[in-house]
Amino acid sequence: MALRFSIPKREGFYKKFVSSDNSDIKFISFSFFRGNSGQSIVENTAREEWLWVILSGKISIQIKGGESFILERKSVFVDRPVSLYLPPETEYSIKIEVLSEVLAVSAVADRKFSPVLISGRDVKVQRAGKLNYQRTIFNIVPQDFPASKIIAGETIHDKGHWSCFPPHKHDVDMMPYESEHEEIYFFKCEPESTGFGMMRVYDEKNDVAFPILTNDVITIPGGYHPVAVIPEHTLYYFWVLAGRKRPFQRHTHPDYLQYE
């Protein structure tokens with residue numbers, strides 16, 4: 001069943017804030033790091049692949065015995081995403097250079113690839129939708145990226161618009177018509193003080209709706225999941241998909257095929 005989590009506003013590393021331990025999500029874990037200049041952590045990816053995405057600020061990531069990377073970004077509403085993919089069995093450290101927010105997602109990997117810095121210019125950008133469901137999509141880790149499980153990106157709504165419309169789902173292994181992939185969304189609203197959205201996650205068995213505020217996380221183990229934001233406000237969300245198999249295909253609700 002879909003669940004909503006809210007990340008605390010205080011500084012800290014919220015490792016696996018959402019995971020299989022506290023939700024119906026089986027494959028993905030979601031982490032969040034908010035810190036100020038000089039703070040640092042030392043980590044090891046172990047059996048998982050990790051994707052770090054800078055939201056704001058500047059951080060440095062040093063792989064033990066290997067390369068060092070800088071991730072920098074003013075805001076998710078200003079700059080394209082900058083990310084770092086890390087394969088299993090990678091020991092590394094992260095140092096906060098200035099006040100920063102960064103998220104990470106991870107999944108158990110069945111293959112080992114190489115670390116990849118994904119700069120803004122490496123990210124494919126596309127426009128989607130029409131009428132009042134237009135948005136911009138930034139594909140950070142597409143299907144053809146050298147990764148085992150993770151597929152990820154960001155979406156920014158046009159002001160007051162919807163996304164994930166027409167409603168679609170991806171929870172049945174029935175390729176080439178539909179794949180079985182769970183998903184996690186992480187949100188930010190602009191302006192933050194007054195912005196909010198709504199999200200419905202539903203199928204024949206479950207039907208839940210959530211308010212959306214900045215730094216909310218919503219799990220989507222299955223079902224259709226349209227999203228809206230109030231007028232004169234912009235909604236951002238990071239999304240990540242994972243399943244037993246990598247090839248992805250969404251299935252549009254048959255009642256809404258005319259809107260594709």
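Some notes on this structure:
- Pairs meeting the criteria (first residue in region 108-126 and over 18 Å from Leu71 (Cα atoms), second residue aromatic (Phe, Trp, Tyr) and in a loop (DSSP other than H, G, I, E, B), beta carbons under 9 Å, at least 6 apart or on different chains) are Val108/Phe27; Phe113/Phe145.
- Here Asp255 clears all of (1) under 30 Å from Ala109 (Cα atoms); (2) in a helix (DSSP H, G or I) except the condition numbered (1).
- Cβ-Cβ under 8 Å pairs, at least 6 apart or on other chains, region 132-144 side without any contact (Cβ under 8 Å) to a residue 24 or more places away in the chain, far side among the small types (Gly, Ala, Ser) and surrounded by fewer than 17 Cβ atoms within 10 Å (Cβ to Cβ): Thr136/Ala128; Ile137/Ala128
- Within region 5-62, considering residues that are polar (S, T, N, Q) and part of a loop (DSSP other than H, G, I, E, B), the one nearest to Thr90 (Cα to Cα): Thr45
- Some residue of region 186-201 being touching a residue at least 60 places away in the same chain (Cβ under 8 Å), at positive phi and under 18 Å from the mean Cα position of the chain (by Cα): no
Where a number appears in this text, it was derived from the coordinates with a stated rule and is not lab data. These numbers come from a predicted model, not from an experiment. FYI the Cβ positions are ideal-geometry reconstructions off the backbone, even for glycines, and counts take in every protein chain you see.
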